[in-house]
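The values are calculated or read from the model by the stated rules, or taken from the named source; none is laboratory data. On a predicted model such as this, the values are computed, not experimentally measured, just so you know. FYI the Cβ positions are ideal-geometry reconstructions off the backbone, even for glycines, and counts take in every protein chain you see.
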Amino acid sequence: MKTFVTLALLSVVTTISAAEWKPTDIHPKVFQMIDCWLSDTISPVITEINLDAVRSNRNQFDYDLVKKESKWVTFRKDREMLRFSVLSSTNDEYTVLYQENGGGSLTTQRVIQFAISPRSVKVDGNNVTTTVLHLTSISIPK
């Protein structure tokens, strides 16, 4: 009699603590989600983002297309370019210059300040601790 064992690998999620996150680990698309579209008027749109989900959701946040180029962390896909550079950091608070170009001649930029910290959230009725980016400021550089 032969016994067959079937293993199903659903997903392996590597969660790191808030203290282990560095700003350069963040996908540039995270900053794109914070600001509104040029055709809209009220920003910020999103003020808190689950970084553990970003790290795990590879379809929406393809880290294979993220490159570190000199002082920039850059995401390029087709003609789109998103990038940021860390301007300053103090403990768990950071300031970045974020730039975005959809493929044309216009490149927009914002100065974004944020903190990285743990946050407890109920998922399917269970408390789960995640690492979040919490927006503290957004502005157009002068």
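Things to note:
- In the set (1) closer than 19 Å to Ile138 by Cβ; (2) acidic (Asp, Glu); (3) over 13 Å from the mean Cα position of the chain (by Cα), the condition left unmet by Asp35 is number (3).
- Search result, residues across segment 83-106 that are among the β-branched types (Val, Ile, Thr) and at pLDDT below 95: Thr90
- One residue stands out among those in segment 68-80 that are in contact (Cβ under 8 Å) with a residue 24 or more places away in the chain and surrounded by 15 or more Cβ atoms within 10 Å (Cβ to Cβ): the one that is farthest from Lys22 (Cα to Cα), which is Phe75.
- Number of the condition not met by Ala53 [criteria: (1) surrounded by 13 or more Cβ atoms within 10 Å (Cβ to Cβ); (2) closer than 18 Å to Gln99 by Cα]: (2)
- Residue in segment 40-56 that is more than 23 Å from Glu20 (Cα to Cα), more than 17 Å from the chain's Cα centre (by Cα) and part of a strand (DSSP E or B) present: no
- Residue pairs whose Cβ atoms lie under 6 Å apart, sitting 6 or more positions apart in sequence or on different chains, and linking a residue in segment 20-31 that is closer than 14 Å to Arg58 by Cα to a partner that is in a loop (DSSP other than H, G, I, E, B) and at pLDDT 85 or above, are His27/Phe61; Lys29/Phe61.
- Annotation note: Cβ proximity below 6 Å between a residue of segment 46-67 that is over 12 Å from Lys29 (Cα atoms) and without any contact (Cβ under 8 Å) to a residue 60 or more places away in the chain and a residue that is of a type outside the set (Ser, Thr, Tyr) and surrounded by fewer than 12 Cβ atoms within 10 Å (Cβ to Cβ) (sequence gap 6+ or interchain) occurs for Ser56/Val13.
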